[in-house]
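A.B. asks: Just dropping this structure here.
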Ligand SMILES: [Fe+2]
């Protein structure tokens, strides 16, 4: 299926991705990883949860760590433009036959809970508690100096279906790969906020969360993180990189948190706000699509991901591609 034409006037206005909630089996270990090693800032914590934000963010949280028995992702959060958009979102998802529920979420205003077509749990809100700016408090800059959450990447059992669903929500495709034989999409990168992506989908057993990415100021921050992780007991948590992606042109590093949730450290992709921006198509056989330069990705990177709470997973509808060292 070709990439659908962008929907420039969706039924409601999503501003950007906002936050993720992870279930973690050892809250202290996860807090040490995200706050002390990566350098995210704690905005609230109690015996069950830790809420964190990155250094440029005024919103209360971009990641919530919640103590639990099983390491999984509870929800992917998105910000909409205003309260009316939330009401329009409720009507939209109800008309799609998807479950909707208004939930109480600390530090957020009205929050609508629903799911996507494959069962990925989603929540939408318009207003989150606003905190004082800290982006010029340079004494707080440590670890990888994370500035903001950048994107989610998910395994999808049918990327064409995922792209059609999010396209209708107003997400616009910036780059994609296609299976040459079937002409079905293999992977796609889609944005709302004007970068290469807020959401990406890759063919695979799903739905599962492949990674959550944080934007950092420059590649040197990534090198500094590697020095830090390799000398503070986190050597085994470094999974892939550093390198530069062909797709997105970003400088990257993939690491795993203490429960195996994958985090990408990401910087320097490009602006995509033009409504007539043509998506870039990549050949699946082009090894530079994943790694413009850098070491090949390990098998774990292709196969492992975080399951979503209370969400069934199934095999992909496209046969697996042989793992080609990119
Ligand atoms: Fe990514």
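No value in this document is a laboratory result; all are computed from the given coordinates. Here the structure is a predicted model, which is why all the values come from computation and not from measurement.
A.B. asks: Express the Stokes-Einstein translational diffusion coefficient of the range 222-321 in µm² s⁻¹, to the nearest whole number, given a Kirkwood radius over alpha-carbon pairs, 10 °C and a viscosity of 1.306 mPa s. Spell out each step's value before the answer.
C.D. replies: Working: Rh = 15.8 Å.
The estimated diffusion coefficient comes to 100 µm²/s.
A.B. asks: Also, quick follow-up: Give me log10 I(q)/I(0) at q = 0.24 Å⁻¹ for the range 39-116, Debye formula, one equal scatterer per alpha-carbon, no solvent.
C.D. replies: With no solvent term, the Cα-only Debye profile gives -1.21.
A.B. asks: Related question: Report the antiparallel proportion of the DSSP beta bridges in the chain as a percent, rounded to a multiple of 5.
C.D. replies: Within the chain, antiparallel bridges account for around 70 percent of the total.
A.B. asks: Under a no-solvent Debye model with one identical scatterer per Cα of the range 121-200, what's log10 I(q)/I(0) at q = 0.14, 0.17, 0.22, 0.23 Å⁻¹?
C.D. replies: -0.64, -0.81, -1.06, -1.12
A.B. asks: Find the percent of Cα-Cα distances in the chain that exceed 26 Å, and round it to a whole number.
C.D. replies: Numbers: 23357 of 52975 pairs.
Here the long-distance tail beyond 26 Å is 44 percent of all Cα pairs in the chain.
A.B. asks: Now a separate question. Using only Cα positions of the range 143-307, each an equal point scatterer, no hydration layer, compute I(q)/I(0) via Debye at q = 0.11, 0.18, 0.21 Å⁻¹ and quote the log10 values to two decimals.
C.D. replies: Normalising to I(0) and taking log10 leaves -0.43, -1.18, -1.58.
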